[in-house]
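First up is the structure itself, then whatever we jot down about it.
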Amino acid sequence: MSTPLLAIIGGSGLYDLPGLSDTRWETVTTPWGEPSDQIFRGRLVRDGVSAELAFLPRHGRGHRIPPSEVNYRANIAALKQLGATDVLSLSAVGSLRADLPPGSFVVVDQFIDRTTQRAGSFFGRGLVAHVSLAHPVCSRLGAHVAAALQGQGVPFVRGGTYLAIEGPQFSTLAESQLYRSWNCSVIGMTNMPEARLAREAELCYASVGMVTDFDCWHPAHDAVTVDAVIRVLLSNAQVARTLVAGLAGTITGDATATACACRRALDHALITAPEARDPALAEKLRVIAGRVLATP
């Protein structure tokens, strides 16, 4: 049984947690190249429970990498190589609903992917796989996140659709209105193909959208200032740090985790016959799919 390791993908300030010890930055190289940054590791002891944590700045420290240039495959592969079992994605989003004002949190459960320039799978020619993505996030991990947010008393909703756009530009007014007609809740640029790749890597993945402002459909959108957005960002970051601290021990003590379906997502996914598989690609995929590749 693998030791639980909660990994957080998000802003570079999230690892500034009181009580975090044994901290270090680790360099990880993957078959898909370098992740966005080194990975920050530490141990948090809270209420007598010791939990290992890993933090990956999605855009690199200092926010150097735009959404379309993030190496999503390397990021997920690096976390898998380090032994991550659960991945919490934290990202700033725009709101597409009037009842989700700035400062709200959304525990996302669905995605619509409008990105076009990003590699979306670890698999390819020579070793083909099709994983189920009907329910793209882990309901078990999402329930833990919702319980932690509820305990903090912050405004949040559990369930909502994240509309992923390519960026780096924001959407046009017509696009924003279209996405609202699709019943999307929030809009962002980073959760796809991140969620797809986490499923292929058999990682439990949950996403929290932290609303910073209304998207351009809202009549007051043009009145939003950079200062106002930064104030919300800082407030959201503090909530996120408290969320991570509360979640770490829960993940460590979750006896149901090993039975989670996310961790067997590849059971029936490989379609290429063993004798037809590209040996080089199969070797490259060992870190992601070694559990099923080892099965005759």
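Couple of notes before you dig in:
- Positive-end residue of TRP32, GLN81, ALA92, charge dipole of the stretch 7-101 with Cβ unit charges: TRP32
- At q = 0.16, 0.20, 0.26 Å⁻¹, base-10 log of I(q)/I(0) for the stretch 1-70 (Debye sum, equal scatterers on each alpha carbon): -0.60, -0.86, -1.22
- Percentage relative contact order, the stretch 9-86, counting C-alpha pairs under 8 Å, at least six apart: 33
- With the convex hull drawn over the C-alpha atoms of the stretch 224-283, the volume per residue is 211 Å³.
- Cα lying deepest toward the dipole's positive end in the chain, options PHE105, THR161, PRO57, charges on Cβ: PRO57
- FRET E, pair TRP25, SER139, Förster distance 30 Å, beta-carbon r, rounded to 0.05: 0.40
- Label-zone membership for the stretch 129-162, site GLN238, 7 angstrom Cα→C-beta point, backbone N under 15 Å: 152-155
- Extending 7 Å from the Cα toward the beta-carbon at both SER132 and GLN117 defines two label points whose distance is 3.5 nm.
- Across the stretch 75-191, Cα pairs under 8 Å and at least six residues apart give a relative contact order of 41 percent.
- Taking the average, over residues, of other Cβ atoms within 10 Å as the packing measure, peptides 191-197, 280-286, 210-216 rank 191-197, 210-216, 280-286 from highest down.
- Debye, to nearest 20: dipole size of the stretch 234-296, +1 on Lys, Arg Cβ, -1 on Asp, Glu Cβ: 140
- Restricting the stretch 115-210 to chymotrypsin sites (Phe, Trp or Tyr not before Pro) in coil, as DSSP defines it, with at most 13 other Cβ within 10 Å: TRP182
- The chain: relative contact order as a whole-number percent, Cα under 8 Å and 6+ apart: 25
- For the stretch 166-193 and the stretch 197-271, distance of Cα centres in Å: 17
- 5 angstrom amide H check on GLY124, placed H, neighbours 5+ away: ALA129
- Between the helical axis of 139-152 and the longest alpha-carbon principal axis of the chain there is an angle of about 30 degrees.
- With viscosity 1.306 mPa s and temperature 10 °C, the Kirkwood radius over alpha carbon pairs of the stretch 6-288 converts through Stokes-Einstein to a diffusion coefficient of 82 µm²/s.
- Highest to lowest packing among 258-267, 241-250, 225-234, scored as the average C-beta count within 10 Å: 241-250, 258-267, 225-234
- For THR225 and GLU275, a Förster radius of 41 Å and the Cβ-Cβ distance give a FRET efficiency of 0.10, rounded to the nearest 0.05.
- Over the residues of the chain, the helix contribution to mean residue ellipticity at 222 nm works out to -8500 deg cm²/dmol, using -39500 (n - 2.57) for each DSSP H run of at least 4.
Read the figures in this text as sums done on the coordinates, not as results from a lab. In this text the structure is predicted, and so the values were computed from the model without any measurement. Cβ atoms come from the backbone with ideal geometry, glycine included; neighbour counts cover every protein chain shown.
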